1. Take the residues in region B:457-470 that are closer than 16 Å to residue A:56 by Cβ and out of contact with any strand residue (DSSP E or B) (no Cβ under 7 Å at 6 or more places or on another chain); name whichever of them is surrounded by the most Cβ atoms within 10 Å (Cβ to Cβ).
2. Looking at region B:554-568, can you tell me whether even one residue there is among the acidic types (Asp, Glu) and surrounded by fewer than 14 Cβ atoms within 10 Å (Cβ to Cβ)?
3. Residues that are over 26 Å from the mean Cα position of the chain (by Cα): which helices (runs of 4 or more DSSP H) entirely in region B:131-218 hold 3 or more of them?
4. Output the residues belonging to region B:262-302 that are among the β-branched types (Val, Ile, Thr) and over 28 Å from residue B:205 (Cβ atoms).
5. Going through region A:107-118 one residue at a time, which ones are assigned to a helix (DSSP H, G or I) and at pLDDT below 90?
6. Return a yes/no flag: does region B:247-263 have any residue that is at pLDDT 90 or above and closer than 29 Å to residue B:100 by Cβ.
7. Of all residues in region B:37-65 being small (Gly, Ala, Ser), more than 10 Å from chain A (Cβ to nearest Cβ) and out of contact with any strand residue (DSSP E or B) (no Cβ under 8 Å at 6 or more places or on another chain), which is farthest from residue B:77 (Cα to Cα)?
Amino acid sequence: MRLFLKNPNFAPAGKSGGSKPTSENGDTMTEKKKEASEVDPFALDNLTVDGTTMEDLGIERPLLVVPVTKPNPQDFFQVHPDPTYRLAARVLELKAERETYLVTKAVWPLIPGETKPVTLLVYQSRHGGISVWPLKQTEEGLRDNTWNISARKASELAVDRWVRMQANMHNASYDVATSNKIPPANWPDIPLKEILRIAFGDGKLIDRVDHPVIRQLMGE
Amino acid sequence: MRIPIQGPELPFREVWLIDFEFVAPAGERQRPVCLVAEELWTGRQLRLWEDDMAALTAAPFDTGPNSATVAYFASAEMGCFEALGWPHPMNIIDLFAEFRVVANGRKLPRGRGLLGAAAYYGVQSIEAEEKETMRELIMGGGPWTEDEREQILDYCASDVTLLRPLLIAMAPEFAATPTRLGHAVWRGRYMSAVAAMEDRGIPIDLPTLTMMRDRWDDIKGDMIANVDADFGVYDGLTFKAARFEEYLKQHKIWWPRLETGALALDDDTFKDQARANPILQPLRELRHALGEMRLNSLAVGPDGRNRTLLSPFRSKTGRNQPSNSKFVFGAATWVRGLIKPAEGMAVAYLDFSSQEHAIAGALSGDKQLWSAYQSGDPYLQFAKDAKLVPQSATKASHEMERDKCKAIVLGVSYGMSYHSMAHRAGIHVAEARELLQLHRETYHVFWSWAERNVDVALAGGTLTTAMGWQYRIGHAMEANPRSALNWPMQAGGAEILRLTCVALREAGIGLCAPVHDAVVIEAPLDRIDEDIARTTEIMQQSCRHVMRGKTCRVDADVIRFPDRFMDTKRGVKMWNAVMQSIGLPEYSTEKGAK
């Protein structure tokens, strides 16, 4: 048994084309066109589909790694312009391992002299990589230095333009090159909390005094 | 008798499965030998020999709006309709086109032909060797004995018999929804347009072609002598790699090598190297011309028309892939000088301007990329958008910057790597990388869209055009992310061209051929301007269907008898060298052709 499609557009047109050869005159095609145009189930306007892919395969591009480091001297970078994407914090640096740990407030007094005040800034290189910059701040009562002063100034410039920061050993500070011609960075819609979770996951958050890094520092 | 089909059914009162056998000498119109047609629901079969068909002015079965005609590679069947002067069926379902949709991107061990499709769907068929034997008998052109006639008709009927189970196997896919069935019918309409173009052909200056063929060895000798005077790399008619290596050493030109250590002498390498070292350009043109110019392969009939298979739906983007040696637009650029309208006629070449760029802007929804297209000079506009040049810059004031940006914009459109872009633009890789990065930053909406498409394609998902042409990377098939990135633009362009060809044929325009993103039409001299205007309108309307209501600019070149077609940038020099060699008048860019 034949099952006709339910779409009324596809019901056969009213007139039969007939099965006889239509050889009377040259108008056959024209007549058929006229006949079809009355109910054209294949009118182009009804057929074009939107979109290059109709499939939702649930593809996402999750952020897997967020390096915690100052900007590479060979890359231009921009700092996230939203003030909610920065956090005053204290970090502990293991210089030999080139590792930076985020230390929670409760642990600060338990390891005096080991942590440094920083502002954690989210920045992006031109190739789209997201990183966290632990920008050093001045410890209360201590003298500031020109490295840190120039780095902070560079970070302020990088809010609304692209900046490249290189060490100037002679001046003990950073030199910067800036560009306001490069189109602004596109920021992924990921909250700061999530970025920090990725950056300081894998044991890089010190939230207890028996953290392996502290035990190592204590010589245990 | 009613024959049930599982799943959604074809909403046609009659469905005719058809196959012609025909003879088609190179460059000539098809000569139908026989037709077998069988109605799907009733099983009624018609068998007609060539003299039976010649007596009819229309097909001996219903071709109206309530019926469908089913064939495998329907342009061949419609070519027979053209030759017989029969009006084409209104609804054609081409199982070849539908098989290509289903299997595009997949490995097909038995190929894309009727037997390959049958194998794919598990349908029993005759052996390929048997098919080949019968084809040889038919292509012999007759006359055939009574027995041979019966054999040929039986063979033709066996293909029709194969169409029935194939249709039943494929219908649940192409008729799954009214929209998909509509797409199939439109692909069928395109096969009608292809048949009309293959039948009409492109007008060729046959006397000049004949003279060139007769004197080809002399022409080659003269051309080599002319160009090689500056290079000294030929020995008679033979290119000597050792001499060329010596030449490169003397001129301190670096040249890519094969793994074996030998110089890479393929045309793509020559093309790229000639861009970076313009001194080599005449040598590249010569080699290209000699390599491509297989004059005897150019399929031109005794009536002076270039006719060849356009090979629709052959590429994974759905574009046509006619033979480069048989199709006048596939040969070296200067050979197009052979295109010449007949007396009282004109030929027009209408192409979409920067079509891939426009499609990218329209489909991705990147407003800035679309504005760049609308500016009329997307290359310069990219330079402006990326702040490489001031807003007041013009093509004349910042030619160098524009050229570099052009290489990047085109490279993105064609899915090239930045290494290739650097090579083509003659700039350092680091500069190309930087410009590509700027392109990504400037047109980030486009890039997000494009990368999502790549993700879907590489994950085994399906990319689709507005009219349902699909691409899915099959199991164990090599995946190229740049090719997937580029697919929507190329496939969209192919779709626009198909809709254009269908509409032009149905509007009665004298459509000669599709050429990548262009069409060639012909008309009497007093009607050509009107037809160009109508064709432009149709081309732009086709864009709107595919490009979410947006459209492309169309450029038109018209060649009126007695002028000839000429690519005045890339072809005229070589054409004139050939004309000089055979003592015919050269093409003058100032006063037109002779």
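1. Of everything passing the filter in region B:457-470, B:461 is surrounded by the most Cβ atoms within 10 Å (Cβ to Cβ).
2. Looking for residues that are among the acidic types (Asp, Glu) and surrounded by fewer than 14 Cβ atoms within 10 Å (Cβ to Cβ), one finds at least one in region B:554-568, hence yes.
3. Working: elements: B:146-174, B:178-200, B:206-214.
Result: B:146-174, B:206-214.
4. Restricting attention to region B:262-302, the residues satisfying the condition of being among the β-branched types (Val, Ile, Thr) are B:269, B:279, B:300.
B:269, B:279, listed by residue number.
5. Passing the criteria: A:108, A:109, A:110.
6. Among the residues of region B:247-263, not one is at pLDDT 90 or above and closer than 29 Å to residue B:100 by Cβ, which makes the answer no.
7. B:43
Residues checked against (1) without any contact (Cβ under 8 Å) to a residue 40 or more places away in the chain; (2) buried (at least 19 other Cβ atoms within 10 Å of the Cβ); (3) over 28 Å from residue B:557 (Cα atoms):
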position	(1), (2), (3)
B:352	no, yes, no
B:358	no, yes, no
B:366	no, yes, yes
B:376	no, no, no
B:380	yes, yes, no
B:399	yes, no, no
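The values are calculated or read from the model by the stated rules, or taken from the named source; none is laboratory data. Computed from a predicted structure; not experimentally measured. When we count neighbours, we look across all protein chains shown, and the Cβ atoms used for this are built from the backbone with ideal geometry, even at glycine.
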